[in-house]
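Step one of this worksheet: look at the structure below.
The values are calculated or read from the model by the stated rules, or taken from the named source; none is laboratory data. Just so we're clear, the structure is a prediction, and the values are computed from it rather than from any experiment. In this analysis, Cβ positions are derived from the backbone assuming ideal geometry, glycine residues included, and neighbour counts consider all displayed protein chains.
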Amino acid sequence: EVEITFKPDDSTVPVATSINFFCRAKGDPHPRIIWKKDGKKIDDPRYIVNFLRNGLSTLRVEHVFLEDSGIITCYAYNEKGRYASADAKFTVLPESQLPRGFPSIRSHPQLRTFEKGSTAIVPCVVEGDPKPKILWLREQRPLDIRAVERYSIAKQSREGAGTLMIQNATEADQGEYECVARNSLGVRHSKSARIYVKIRQVAPYFFRQPQSIYKVEAGGSVNLTCVANGYPLPRVFWKKTGGNPLMDPSTAPFALPPQPRDLQANNVQATNVTLTWKPGIIEDGEPVTSYIIKYRQKGMPLNNYPSVLNQYEESGPYKEKEVPVNVTRYVVEGLQPYQIYEFFVLAKSAIGRGSASAVREVQTGESPPSSPPRKIEARPLNKNSIIIHWEHPEKSNGRITGYKIYFTNLNKFTPFEAWNQRLTDKQTETLYNLETNRTYYILIQALNSKGAGPLSQLVTVITRHGLPGQPMELTAKALDAYRIQLKWEKPIHTLGIVGYSIQYNSSEKQYPEILLNAPTESHLISGLDANTYYSFRVAAITGPGLGAYCEYVTAKTHQSVPTGAPEIVQLYAVSSRSLLVIWQAPEEKDRNGVLTNYIIKWHPVNKQDTSKVTAGSSEESNDYENADVDDDDYDDTDYNDSDNSNSEKKLNDQQNPIQGLQQMKKAADNTSALIEHLNPYTIYEVTLIAGTEKGYGPESEPQRNRTFGDG
């Protein structure tokens, strides 16, 4: 039997955030897990599936849309035909519709660097009612806090409950972390932040220096001693007055270590090779301190496919591995399957590197293909047959022995057990005796002596004579904040194309179909929203009708300047020389990108114009005297240096300067600022603008208040 031992949870999430679902199953044989949405196989690139060694499968959805709401299913099955499934309700809500008490992140993880061996503190402070539970992810995979004694989550600390504590940090703890807060109302992911663990470094210094003068008779010997410390341990060089440092060991008057002998390659696998060697014979000179293994991939491909690109050119650089002097057997890992590598070893001493051993060439073993067949072309040959052609995988990892073709006229999310299958050793195949005027879905898989590779991209064909195949190689590239350029290749061996149909949508809406009345192979989509994901697909049109659409591709428009302004919610006097301003960011839909900073501007109000003062008198503002705000340097420079700035407004400001106008800049994660060095008992007018990488948006509504008097 197959049993789901860890079921995905029902999840309500805010729009434009991320979410992870988890599932684990057991059975004999061990089951495989696939994920479905609303009963259909998932093919959206925002849905990312990972499989962990402990049998856990994760489904991550990036940048969720309102349309993503539905039922997520974890489907487990094994070779005996046994299966089990578990459903989770997936609900996406706008921020404005989230219930009171929904989890929120008050403090996100931040980029940090820690010294190896120290305690790494990764902050995450959450709020919610009921109190949310915390899950930590590293590289988008869950951390098992209970399995690693060095890991713990603080129930209460200076950084706040939920903070991750990593004792005795190592390089293995490096990665991108994010915390997940969940309660009965929903789930929210924090921003991710990368954590680095570095080894302590100390600059070189002399622990013992040579004497200033040595006297020795002609023909005698002298021993000059110099000891330097540091971390890592520094190398020491010598030079004679007026001469050059002995930087090149080959020209130094010292013996270099001899070359290693009898280099052999054993136990050759697809991705690793075991090397063995014997030390060289040292007659006189410095002892060997380590060995250097150098290797590279040869430039010529082994599979006789000239179009395959290799990682190294023939004259490309070598990779290096350094091992201790007592190691004469080493496994070189991370190699590419079915490729020729060359290896050699050299010895290293305190003086330098010696000459290399003889070069050993090795061909790695095969492994299943790691990429699918490419450029699949399929079209109806007549009303009941389809002809298909494709190219070999880029990473065949061995000599291709054949291909397996899957095809069906059922729903494309039908389990593969119900698909028709055909084996061939060619790269062109014709499917006969098909049903007329039906939509067929086709997938192709490459085979070699070690197994099958991944499935190709789905191809769709309609069995109606004269209909075109799918357009190929569709790409979408954002040109700016409002335009995306589409390009594609026409279907191969299709005559009489009269135009194309383009369908596209965003997370907010479905756009009307675009019909092109010419056989062009590109189109510019304009009038789009800034900083928004769009999905596109294209179908060809001939006289008999519309062909099948290709699969969706996704592109995101560039950022732009905000079209909305921040809102000043409070302006209070803190003292006779300072005001505290608190604001809200522009609405999400008006930001047009990621906010980078705010510009706060203020100036004293003319005595003739003091009619409007912000609600909240000086007496009312005493509670804010100890407000927690960050100070910034004051900035008298022009605040808008972007090409997209409002040049007309800048010109007006220069022609009609406001007396006493000052400004300062605050990072985008701030929502308050303390304005200092003001005059006592003076009314000031304050405005804000928000900026992205493209420039600044409109000013907020001005607010006014008076500083305290000196008395």
**Selected residue (criterion: modelled with the lowest pLDDT) from residues of region 491-527 that are surrounded by fewer than 14 Cβ atoms within 10 Å (Cβ to Cβ) and not in a loop (DSSP other than H, G, I, E, B)** = Gln510
**Asked** Can you find a residue in region 531-543 that is assigned to a loop (DSSP other than H, G, I, E, B) and free of Cβ contacts under 8 Å to residues at least 60 places away in the same chain?
**Response** yes
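Let's see how each residue does on (1) modelled with pLDDT of 95 or more; (2) more than 20 Å from Gln659 (Cβ to Cβ):
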site	(1), (2)
Gln570	no, yes
Ser575	no, yes
Leu580	no, yes
Asp590	no, yes
Gly593	no, yes
Tyr598	yes, yes
Lys601	yes, no
Asn606	no, no
**Fill in**
Taking first residues from region 661-673 that are more than 14 Å from Ile568 (Cα to Cα) and second residues anywhere that are of a type in the set (D, E, K, R), the pairs with Cβ under 6 Å that are 6 or more apart or on different chains are Gln663/Lys601; Gln663/Asp635; Met664/Asp632; Met664/Asp635; Lys665/Asp635; Lys666/Asp632
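Which fully enclosed strands (runs of 3 or more DSSP E) of region 37-131 have 2 or more residues being over 19 Å from the mean Cα position of the chain (by Cα), modelled with pLDDT under 90 and farther than 28 Å from Val459 by Cβ?
Values: elements: 47-51, 57-61, 70-77, 83-93, 104-107, 112-115, 120-122, 125-127.
Qualifying strands (runs of 3 or more DSSP E): 104-107, 112-115, 120-122, 125-127.
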**Request:** Mind listing whichever residues of region 407-435 are over 26 Å from Ser367 (Cα atoms), β-branched (Val, Ile, Thr) and surrounded by fewer than 12 Cβ atoms within 10 Å (Cβ to Cβ)?
**Result:** Thr430
**Prompt:** Any chance region 688-704 includes a residue that's surrounded by fewer than 18 Cβ atoms within 10 Å (Cβ to Cβ), touching a Leu at 6+ places or on another chain (Cβ under 8 Å), in the same structural domain as Ala573 (by TED's automatic domain parsing) and within 30 Å of Ser107 (Cα to Cα)?
**Reply:** yes
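Would you confirm whether or not region 582-599 contains a residue that is among the small types (Gly, Ala, Ser), under 27 Å from the mean Cα position of the chain (by Cα), on the phi < 0 side of the Ramachandran plot and in the same structural domain as Ala667 (by TED's automatic domain parsing)? Steps first, answer last, please.
Taking region 582-599 as the starting set, the residues that turn out to be among the small types (Gly, Ala, Ser) are 585, 593.
Subsequent filtering for residues that are under 27 Å from the mean Cα position of the chain (by Cα) retains 585, 593.
Among the residues that remain, those that are also on the phi < 0 side of the Ramachandran plot are: 585.
Then drop every residue that is not in the same structural domain as Ala667 (by TED's automatic domain parsing), which leaves 585.
Yes, that holds for at least one residue.
Would you call Val13 in a strand (DSSP E or B) and either modelled with pLDDT under 90 or closer than 26 Å to Ser192 by Cα (or both)? Break it down into steps so the answer makes sense when it comes.
On the way: in a strand (DSSP E or B): yes; either modelled with pLDDT under 90 or closer than 26 Å to Ser192 by Cα (or both): yes.
Yes.
Assess whether Glu322 counts as being farther than 30 Å from Lys36 by Cβ, free of Cβ contacts under 8 Å to residues at least 40 places away in the same chain and surrounded by fewer than 17 Cβ atoms within 10 Å (Cβ to Cβ).
On the way: farther than 30 Å from Lys36 by Cβ: yes; free of Cβ contacts under 8 Å to residues at least 40 places away in the same chain: yes; surrounded by fewer than 17 Cβ atoms within 10 Å (Cβ to Cβ): yes.
It is true that Glu322 is farther than 30 Å from Lys36 by Cβ, free of Cβ contacts under 8 Å to residues at least 40 places away in the same chain and surrounded by fewer than 17 Cβ atoms within 10 Å (Cβ to Cβ).
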**Request:** Could you tell me which numbered condition Lys298 fails, if it satisfies all but one of (1) surrounded by fewer than 16 Cβ atoms within 10 Å (Cβ to Cβ); (2) modelled with pLDDT under 90; (3) of a type in the set (D, E, K, R)?
**Result:** (1)
**Pairs, first charged (D, E, K, R) in region 106-127, second part of a loop (DSSP other than H, G, I, E, B) and exposed (fewer than 15 other Cβ atoms within 10 Å of the Cβ), C-beta under 8 Å, six or more apart** = Glu115/Ile199; Glu115/Arg200; Lys116/Thr170; Lys116/Ile199; Lys116/Arg200
**Prompt:** Is it the case that some residue within region 61-72 is closer than 16 Å to Arg188 by Cα and without any contact (Cβ under 8 Å) to a residue 40 or more places away in the chain?
**Reply:** yes
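Any idea which residue in region 228-281 is farthest from Ala358 (Cα to Cα), counting only those that are among the aromatic types (Phe, Trp, Tyr) and at pLDDT 75 or above? Show your work before the answer.
First, the residues of region 228-281 that are among the aromatic types (Phe, Trp, Tyr): 231, 237-238, 254, 277.
Going one step further and asking which of them are at pLDDT 75 or above, we end up with 238, 277.
On the way: Trp238: 32, Trp277: 11 Å.
Across region 228-281, the extreme among qualifying residues is Trp238.
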**Residues of region 342-351 classified as touching a Leu at 6+ places or on another chain (Cβ under 8 Å) and either of a type in the set (Lys, Arg) or at pLDDT 90 or above (or both), total** = 3
